[in-house]
Amino acid sequence: IPVYSGFEETKACLESVYATLTLNQTKMRLLIVNDASPDKRLSDYLKQESHRGKITLIERAFNVGFVGAANTGLAHSSSEHDVVLLNADTIVVSNWLDRLQAISQSEPTIGTVTPISNNAELLSYPHPMTANPMPDLKETTLLDQLFSQLGLGAEQVIPSGVGFCIYIRRALLQEQPFLNEKLIQRGYGEETEFCLKAAAKGWKNVVAANVFVAHKG
């Protein structure tokens, strides 16, 4: 989770992930990259959560933008495990990670998996290519319950994943370990380039239509 600003959004995001730890069989390590945030309250909060053992915190000495922060996290991720890049202004519920992982493992050529959201470009609900309003926690839970009924057969191949919440298989990361930080320095479009390069190598980018993750944007 790359972090720069948005104290309330970041806190809500982390608390939503904490609430799902016991609801997922998939074990997760929360790796937070503080991209030299100017918000002392946010930085102090992240240090507090790190001292509590809730997160692994990486503090950058200077700001590099979303792509650089994401790459910092990828560089510190386990060389054996899959990775989820998650925006700090998202809300997750229930066994979201189990369902993303199950779809990622349903075919060996699946490289990335992206859930449905209110604000996720081509995967936006109810209106695609629209920044629909951010649902609250209760509404997010109800929407996720609705989409979860679609089951494991709900994946469809899409041209590109969407970076607000994208599950990346380790096998793909072994071929493409980082986002393109040289071409796309500050963010926007980096996941598209990453996914198109993966597709050119035979990997599939799919949507997990049985998972809903809220995204403020």
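The values are calculated or read from the model by the stated rules, or taken from the named source; none is laboratory data. Since the structure is predicted, the reported quantities are computational estimates derived from the model, not experimental observations. Positions of Cβ are generated from backbone atoms using ideal geometry, with glycine treated the same way; all protein chains shown enter the neighbour counts. Surface accessibility is based on the protein's heavy atoms, side chains included, excluding ligands, DNA and RNA. Shrake-Rupley method; radii C 1.70, N 1.55, O 1.52, S 1.80 Å.
The figures follow:
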quantity	calculated
Calculated from backbone phi, Karplus (6.51, -1.76, 1.60) coupling profile of region 86-100 in Hz, x at Gly/Pro	10, 5, 7, 10, 10, 10, 10, 9, 6, 8, 4, 6, 4, 6, 4
Listed peptides 113-125, 159-171 by packing density, highest first (mean Cβ within 10 Å)	113-125, 159-171
Gap separating the Cα centres of region 114-163 and region 10-47, nearest whole Å	22
Å² of accessible area per residue within region 96-217, as computed with a 1.4 Å probe and no ligands counted	48
Magnitude of the charge dipole, the chain, Cβ model with Lys/Arg +1 and Asp/Glu -1, debye to 20	360
Non-local Lys pairs in the chain, i.e. 8 or more apart or on different chains, that have alpha carbons under 23 Å apart	13
Rh (Kirkwood; distinct C-alpha pairs) - region 85-217, Å	14.8
Estimated vicinal HN-Hα couplings, Hz - region 61-69 in sequence order (Karplus 6.51, -1.76, 1.60; Gly, Pro = x)	6, 8, 6, 10, x, 4, 5, x, 5
Long-range HN-HN contacts of Ala214 with modeled amide H, under 5 Å	Ile91
Whole-Hz couplings from phi, Karplus 6.51/-1.76/1.60, listed for region 44-54; x for Gly and Pro	5, 4, 5, 4, 4, 5, 5, 5, 6, x, 7
For Ile55, distant residues with modelled amide H under 5 Å away	Ser50
Computed over the chain: relative contact order in percent, which uses C-alpha pairs under 8 Å that are six or more apart	27
Where labels lie 7 Å past Cα in the beta-carbon direction, separation of Thr22 and Gln174 in nm	3.6
Theoretical ellipticity at 222 nm over the chain - DSSP helices of four or more residues, -39500 (n - 2.57) apiece, nearest 500	-10500 deg cm²/dmol
Accessible surface of the chain, 1.4 Å probe, proportion on carbon and sulfur as whole %	55
Solvent-accessible area per residue for region 1-92 (1.4 angstrom probe, square angstrom)	48
Lys/Arg +1, Asp/Glu -1 at C-beta; the chain dipole; positive extreme among Ser106, Gly151, His81	His81
